[in-house]
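See structure below.
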Amino acid sequence: MGTITKRGTAQYQVKIRRKGYPDQTRTFSTRPEAERWQRDVESEMDRGLYIDRKSAEENTLADILARYKRDVVPGHKGAATEEFRINAILRDHKQLVETKIAALTSKMLAEYRDERLKAVTAPSVRRELNIISAAINKARREWGISIPQNPVELIERPDDSRGRERRFKGDEESRLLDALDVETATPGGTGARNTWLRPLVIFAIETAMRRGELLALRWKDVSLDAMTATLSDTKNGERRVVPLSSKALAVLRALPQSKDGRVFPVSADAVKKGFERACARAEICDFHFHDLRHEAISRLAQKLPNIVELSMVSGHKEINMLKRYYHASPTDLAKKLN
């Protein structure tokens with residue numbers, strides 16, 4: 001049974017007690033609102049459809065994302081990047097994130113998607129929506145925040161199946177390396193101040209390692225004699241041994257040994273910002289650090305015509321992902337057959 005009690009001059013408190021359900025209490029500013037909520041809740045209870053939405057009415061999307069960043073993200077492989085994306089969402093999209101979870105709709109998220117697509121690429125928007133969806137699902141399944149359905153799952157997410165194919169053009173590589181040279185650094189802005197960035201970029205081009213793999217690499221996992229680097233913490237979770245070229249070995253031999261044991265003791269944020277500044281100094285447009293991996297694999301594909309061998313170096317589990325790095329013409333293949 002439900003009761004409505006007037007509290008003060010403009011407060012109406014509703015209490016509903018029903019066997020098999022936790023007691024429900026809400027306060028409204030008008031009696032009609034209180035009566036309407038009471039009828040709705042009791043009707044849902046009668047039909048066995050009632051869901052306690054109190055937590056969803058109290059928590060905003062910002063609350064969910066902040067808790068997800070604090071409690072869940074640190075256990076992910078790409079924690080630094082994921083945290084960066086969440087911070088950007090919380091900072092730049094106040095109207096969306098300040099919405100109560102109970103009031104969050106697929107229409108709002110579709111509008112967010114469409115607006116973001118004007119500013120960033122489809123893969124970036126998809127990753128942002130994936131994070132929002134994962135946080136809401138965590139809240140629904142484990143944090144007791146009840147909503148009928150995750151609104152992100154009701155909208156179409158931008159297709160990111162087609163990977164970027166940006167490679168160096170002309171003298172862009174030499175211009176970038178010049179912009180990363182600490183010996184040419186000036187107070188005004190030419191050259192780089194971070195001594196680790198230039199060798200990191202050269203090593204990335206030689207090995208096709210991902211940024212996270214490069215920054216997690218430790219000296220104990222490097223064998224100059226065997227010419228290998230062992231990656232224990234990779235994107236797909238499998239250990240990988242990367243063969244090192246003579247140029248990659250030269251980079252390692254020239255590096256000082258850091259106190260923390262890492263080969264490149266810099267943060268992901270420092271790499272991102274330093275790389276962006278270097279590209280700006282070198283007047284290179286639309287080039288990301290991850291594009292170095294595409295450049296590296298494309299070069300390796302010329303040296304390793306066996307796609308299985310290439311996958312062992314690159315770490316791809318799906319061979320289909322590597323097909324775009326091979327550009328042999330039918331004529332070339334016919335010559336091999338004959």
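Every number here is computed from the coordinates shown, using simple stated rules; none is lab data. Every value quoted in this text rests on a predicted model; they were computed, and no experiment measured them. Here the Cβ positions follow ideal geometry from the backbone for every residue, glycine too, while neighbour counts run over all protein chains shown.
List the aspartates and glutamates whose alpha-carbon lies under 14 Å from that of LYS15, not counting same-chain residues fewer than 8 positions away?
In chain and number order, the partners are ASP23, GLU33, GLU35, ASP40, GLU42, ASP52.
Cα gyration tensor of the chain, axes a ≥ b ≥ c as square roots of the eigenvalues: rounded (a/c below 1.5), prolate (a/b > b/c) or oblate?
It is prolate, given that a/c is not under 1.5 and a/b is the larger ratio.
Taking the number of other C-beta atoms within 10 Å as the exposure measure, put TRP196, TRP219 in order starting with the fewest.
If I rank by nearby Cβ atoms, fewest first, I get TRP219, TRP196.
Just to be sure I understand: with springs between alpha-carbon atoms less than 10 Å apart, which residue in LYS15, LYS54, LYS273 has the highest mean-square fluctuation in the Gaussian network model of the chain?
Maximum fluctuation in the GNM of the chain, among the listed residues, is at LYS15.
Under a GNM of the chain (C-alpha, springs under 10 Å), which listed residue has the highest mean-square fluctuation: PHE287, PHE28, PHE203?
Judging by the Gaussian network model, the answer is PHE28.
To make sure I understand, if each residue's beta carbon is the centre and we count other beta carbons within 10 Å, what order do PHE275, PHE289 fall in, fewest to most?
PHE289, PHE275
Would you kindly state how much longer the chain becomes between ARG166 and THR121 on full extension, computed as 0.36 nm times their sequence separation minus their alpha carbon distance, in nm to one decimal?
14.9 nm
For the stretch 32-177, build the convex hull from the C-alpha positions and give me its volume per residue in Å³.
Value for the stretch 32-177: 148 Å³ per residue.
In the chain, which longest range has no GluC sites (Glu not before Pro) that are both DSSP loop (not H, G, I, E or B) and surrounded by at most 16 other Cβ atoms within 10 Å?
Longest gap between qualifying sites, sites excluded: 1-97.
Which pairs in the list LYS220/LYS272; LYS77/LYS247; LYS220/LYS303; LYS220/LYS259; LYS220/LYS317 are over 23 Å apart, alpha-carbon to alpha-carbon?
Cα-Cα > 23 Å for LYS220/LYS272; LYS77/LYS247; LYS220/LYS303; LYS220/LYS317; rest within.
Find the relative contact order for the stretch 1-88 and round it to a whole percent, using C-alpha pairs within less than 8 Å whose residues are 6+ positions apart.
About 16 percent, as a whole number.
For the chain, with a Gaussian network of springs between Cα atoms less than 10 Å apart, report the residue from ILE64, ILE89, ILE319 with the top mean-square fluctuation.
ILE319
Taking the Cβ-Cβ separation of LEU255 and LEU337 as r and a Förster radius of 45 Å, what is the calculated FRET efficiency to the nearest 0.05?
Computed FRET efficiency for LEU255 and LEU337 comes out at 0.50.
For the stretch 107-144, list residues with backbone N below 13 Å from a point placed 7 Å from the Cα of GLU276 toward its Cβ?
120
Determine, from the Cβ-Cβ distance of ALA110 and PHE84 and an R0 of 22 Å, the FRET efficiency 1/(1 + (r/R0)^6), rounded to the nearest 0.05.
So the FRET efficiency works out to roughly 0.35.
Volume per residue, Å³, of the convex hull around the alpha-carbon atoms of the stretch 172-337?
Given the Cα convex hull of the stretch 172-337, per-residue volume reads 137 Å³.
Give me the extension gain from ASP233 to ARG70: residue separation times 0.36 nm, minus the current Cα-Cα distance, reported in nm with one decimal.
So the chain would gain 56.5 nm between ASP233 and ARG70.
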